[in-house]
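Below you'll find the structure, written out as structure tokens, and then a few comments.
The values are calculated or read from the model by the stated rules, or taken from the named source; none is laboratory data. From a predicted model like this one, the values you see are computed outputs, not experimental measurements. Reconstructed Cβ throughout: ideal geometry from the backbone, glycine too, with neighbour counts over all protein chains shown.
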Amino acid sequence: MSVGVNALRIRCVAACVHEQVAKWITNVHFDLKYKIIRRFNSMGLNKKSVDDINVAGKKVLVRCDFNVPLKDGKITDENRLVAALPTIKKLIADGGKIILCSHLGKVKTEEDKQTKTLAPVAARLSELLGQEVKFAADLEVVGPNAKAAVEAMKDGEVVLLENTRFRAEETKNGEAFSKDLASLCDVFVNDAFGTAHRAHCSNVGVASLVDTAVVGYLMQKEIDFLGNAVETPDRPFVAILGGAKVADKLNVISNLLEKCDTLIIGGGMAFTFLKAQGKEIGTSLVDDTKLDYCKEMIAKAEKLGKKLLLPVDAVVAGAFPNPIDAEIAVENVSVDAIPADKMGLDIGAETAKMYADAVKAAKTVVWNGPMGVFENPVLAKGTIAVAKSLAETDATTIIGGGDSAAAVNILGYGDKMSHISTGGGASLEFLEGKELPGVAAANDK
Ligand code: AMP
């Protein structure tokens, strides 16, 4: 691995003691901040939650997001398991019989069923909860093992079903599997924000077949943070968008322009904007079919009196690094002087400072997408600068999942953010202003 990444790791270790203290303080601080937000939140989620129901003695099916990365059967990042604990613990304390379910990765072949089993999750959850989570190993998910395990449950006990995607109907919201899931429970709780933008059996189908369908704490927290940021933000509200392609974020750009005070664009998508402004962008990533769209957005920002910040300089190289973390020779050039044979792979130093200054002046910041090819340490500086500026501000900072969440966590800034979304795609669709089917399916208050 390269020197940059090692240096980053050494810095993280050196900061460890300080981090532990800071973690405690920030956790208390953000917990308090969240409680205050909830208390005064007029835009709050108008859905019933686990606080609105009595589950004592009832069978409660909880859709979680246990889609964790696994290497050789070991969980390499357990953030999603930890994020699910508050809801599970609450339901245990209330005396429910807790039946957990989740998907894990994509299941396309029979072999996938060997590697995509949720068995390791049951083992780790047992440790995290300090009580047994019984794993119901059933290839058809709701099969004889699951039925017998649920039948034998006592109040406060926990069972985990097998990967919901072992059933082909899951992603098609098919009736048979939805009915199977509903037959196991009296109450349904959806706490899987990561799949809330999809209508599947285990979040939407089952919800339509039970009388009581509510959201869990994680789902509520996600929607509260994202919803408040977009609908009732403390201003100035700065939105930062990066990542590879403009096409993936068309509706987000348009919707956020209406809601924010400043929209910052970085990453590969910035170069389509720069080309739309008539600049030479060399061999940088570009989507020529979206040039008119970018012009429209620039005009929309002007019309609405919003600041739209684009890079003023860029880090360029002769070619995309291969492999992605390979050593690479780069130079920092003005966006008015990108050589025809060079490719922009990160925002430049001046741009990083300009973006950090905009963050400093903000009261609310939403960030989705890296500023450059952050997988390469030489090209990660823009992303690091933005992450650092978010870590240092007192503003409410919300990370919209995916790569920016990974970057923030790798850099050790995770605890400094007000909220890191557990759902990349779902948070993007939320920021587009779309209704999420997984949320819509829960009972209204
Ligand atoms: P997304 O999934 O759209 O958030 O895009 C994330 C990806 O965008 C990361 O893998 C980055 O390496 C990539 N990316 C960021 N900046 C650039 C750039 N200037 N050129 C090419 N790819 C980029």
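Screening the candidates 147, 113, 89, 134 for the property of being farther than 24 Å from residue 188 by Cβ and either modelled with pLDDT of 95 or more or surrounded by fewer than 17 Cβ atoms within 10 Å (Cβ to Cβ) (or both) yields one hit, 113.
Across segment 276-289, a minimum of one residue is classified as in contact (Cβ under 8 Å) with a residue 12 or more places away in the chain, within 22 Å of residue 304 (Cα to Cα) and either in contact with a helix residue (DSSP H, G or I) (Cβ under 6 Å, 6 or more places away or on another chain) or within 12 Å of the ligand (Cβ to nearest atom) (or both).
Quick check on residue 365: is it over 19 Å from residue 274 (Cα atoms), in contact with a strand residue (DSSP E or B) (Cβ under 9 Å, 6 or more places away or on another chain), within 13 Å of the ligand (Cβ to nearest atom) and among the aliphatic types (A, V, I, L, M)? No: the conditions fail for residue 365. Checking each residue of segment 298-316 against the condition of being over 16 Å from residue 351 (Cβ atoms) and within 16 Å of the ligand (Cβ to nearest atom) gives no match. Could you grab me the full set of residues in segment 45-59 that are crowded, with 22+ Cβ neighbours inside 10 Å and more than 14 Å from residue 442 (Cα to Cα)? Within segment 45-59, 55 is the sole residue that qualifies. Whether any residue in segment 190-197 is under 27 Å from residue 443 (Cα atoms), away from the ligand (no atom under 16 Å from the Cβ), in the same structural domain as residue 338 (by TED's automatic domain parsing) and touching a residue at least 12 places away in the same chain (Cβ under 8 Å) is what I want to check. Scanning segment 190-197 turns up no residue that is under 27 Å from residue 443 (Cα atoms), away from the ligand (no atom under 16 Å from the Cβ), in the same structural domain as residue 338 (by TED's automatic domain parsing) and touching a residue at least 12 places away in the same chain (Cβ under 8 Å).
Scanning segment 247-258 for residues that are in contact with a Leu (Cβ under 9 Å, 6 or more places away or on another chain) and more than 9 Å from the ligand (Cβ to nearest atom) gives 251, 252, 253, 255, 256, 257, 258. Pairing each residue of segment 250-272 that is at pLDDT 95 or above with any residue that is within 15 Å of the ligand (Cβ to nearest atom) and among the aromatic types (Phe, Trp, Tyr), provided the two are 6+ apart or on different chains, yields C-beta distances under 6 Å for 264/355; 265/273. Being of a type in the set (Val, Ile, Thr), surrounded by fewer than 22 Cβ atoms within 10 Å (Cβ to Cβ) and away from the ligand (no atom under 13 Å from the Cβ) holds for only one residue in 378, 333, and it is 333.
Do we have residue 414 as on the phi < 0 side of the Ramachandran plot and within 13 Å of the ligand (Cβ to nearest atom) here? Answer is no for this residue.
The single condition from (1) of a type outside the set (Phe, Trp, Tyr); (2) modelled with pLDDT of 90 or more; (3) in the same structural domain as residue 271 (by TED's automatic domain parsing) that residue 401 fails is (2).
Contact map, segment 315-335: residues that are at negative phi paired with residues that are among the aromatic types (Phe, Trp, Tyr) and modelled with pLDDT under 95, Cβ distance under 9 Å, separation 6+ or inter-chain. No pairs are found.
Summed over segment 103-146, the residues that are in contact with a helix residue (DSSP H, G or I) (Cβ under 9 Å, 6 or more places away or on another chain) and at positive phi give a count of 2. State whether one or more residues within segment 58-81 are modelled with pLDDT of 95 or more and farther than 23 Å from residue 127 by Cβ. Yes, because at least one residue in segment 58-81 is modelled with pLDDT of 95 or more and farther than 23 Å from residue 127 by Cβ.
Tallying residues that are modelled with pLDDT of 95 or more and either among the hydroxyl-bearing types (Ser, Thr, Tyr) or within 16 Å of the ligand (Cβ to nearest atom) (or both) within segment 222-246 yields 4.
The residues of segment 284-303 that are among the aliphatic types (A, V, I, L, M) and assigned to a helix (DSSP H, G or I), listed by number, are 291, 297, 298, 299, 301.
For segment 398-425, taking the residues that are more than 9 Å from the chain's Cα centre (by Cα) and more than 19 Å from residue 84 (Cα to Cα), the one that is surrounded by the most Cβ atoms within 10 Å (Cβ to Cβ) is identified as 408. Can residue 265 be described as assigned by TED's automatic domain parsing to the domain that holds residue 349, closer than 24 Å to residue 427 by Cα and within 16 Å of the ligand (Cβ to nearest atom)? Taking the combined requirement at face value, the residue satisfies it. Candidates 361, 387: the one that is hydrophobic (A, V, I, L, M, F, W, C), in the same structural domain as residue 328 (by TED's automatic domain parsing) and surrounded by fewer than 19 Cβ atoms within 10 Å (Cβ to Cβ) is 361. In a residue-by-residue description of segment 144-153, the property of being over 22 Å from residue 197 (Cβ atoms) and touching a residue at least 60 places away in the same chain (Cβ under 8 Å) applies to at least one position. For residue 340, the test of being away from the ligand (no atom under 16 Å from the Cβ) and in contact with a Gly (Cβ under 6 Å, 6 or more places away or on another chain) is passed.
Can you list the helices (runs of 4 or more DSSP H) found entirely within segment 304-411 that contain at least 3 residues being out of contact with any helix residue (DSSP H, G or I) (no Cβ under 9 Å at 6 or more places or on another chain)?
Numbers: elements: 349-360, 381-392, 402-410.
Qualifying helices (runs of 4 or more DSSP H): none found.
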